[in-house]
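Below is one structure, written out as structure tokens, with a few remarks after it.
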Amino acid sequence: MQDTNLRGSCLCGGVVYKVAVLDPQMAHCHCSMCRKFHGAAFATYGSVKREDFSWLQGQQLLQEFVADNQTTRTFCKKCGSSLTFAPSGDTGEEVEIALATLDSEIAGRPSAHIFTEYKANWHQISDDCAKFMRGRDSQINSD
Ligand SMILES: [Zn+2]
Ligand SMILES: [Zn+2]
């Protein structure tokens, strides 16, 4: 089942985007950069093909933060909402969206915890999703 025709927005409502088709593979990322950027135990991302993603309004509010490892995070400069992520050397073929900014409900569910090596020690993972020390192709974390 594929989630289609979704909308998302930032906290202040200034930025609105549209997703035509959401990739069914979604993950919770526990890396320290996602934790800090989101101010949360982890960040949840879904991917969208570039041609399936569009900003509907508020592009003038978008600000990019490029980290030391050349990953790029886009956020709303008015309210601070994290909106998209791009890896270093991004080809631009896909857009990673911060799933919690979706306003539409989705049928799909995240299937993995990634970068659990960097997980906050006060957070306990208590679901059945696969746990990976780093990316999805890395060692499974059996803790
Ligand atoms: Zn905003
Ligand atoms: Zn991360």
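Readers should treat all values here as calculations from the given coordinates under stated rules, not as data from a laboratory. Since this is a predicted model, take the numbers as computed values, not measurements. In this analysis, Cβ positions are derived from the backbone assuming ideal geometry, glycine residues included, and neighbour counts consider all displayed protein chains.
Considering the options 115, 95, 37, tell which one lies farthest towards the positive end of the dipole of the chain, charges being +1 on Lys and Arg and -1 on Asp and Glu at the Cβ, about the Cα centre. So the residue we want is 37. Close amide H contacts of residue 141 (hydrogens built in the peptide plane, cut-off under 5 Å, sequence separation of 5 or more or a different chain): 131, 132, 133. Candidate cross-link partners of residue 119 among the aspartates and glutamates, defined by an alpha-carbon separation under 14 Å and a same-chain spacing of 8 or more, comprise 143.
Simple point charges give the picture: +1 on the Cβ of Lys and Arg, -1 on the Cβ of Asp and Glu, and for region 14-143 a dipole about the Cα centre of about 380 debye. By other beta-carbon atoms within 10 Å, ranking 118, 17, 45 with the fewest at the front produces 118, 45, 17. Note on the chain: percent of Cα-Cα distances in each 5 Å bin, starting at 0 and stopping at the bin with the largest distance, equals 2, 10, 19, 23, 21, 16, 8, 2, 0. The gain in end-to-end length when the residue 79 to residue 65 segment is fully stretched comes to 3.6 nm, 0.36 nm per residue minus the alpha carbon separation. For the chain, build the charge dipole from Cβ charges (+1 Lys, Arg; -1 Asp, Glu) around the Cα centre, then report which of 60, 8, 135 sits farthest towards its positive end. Going by the Cα projections, it comes out as 60.
Among 123, 113, rank each residue by its count of other Cβ atoms within 10 Å, from fewest to most, as a rough exposure measure. Show your work: numbers first, answer last.
Working: 123 12, 113 21.
With the fewest neighbours first, 123, 113 line up as 123, 113.
Partner aspartates and glutamates whose Cα lies under 14 Å from the Cα of residue 77, excluding those fewer than 8 positions away in the same chain, are identified as 64. Going from the residue with the fewest nearby Cβ atoms within 10 Å to the one with the most, 117, 51, 105 rank 105, 51, 117.
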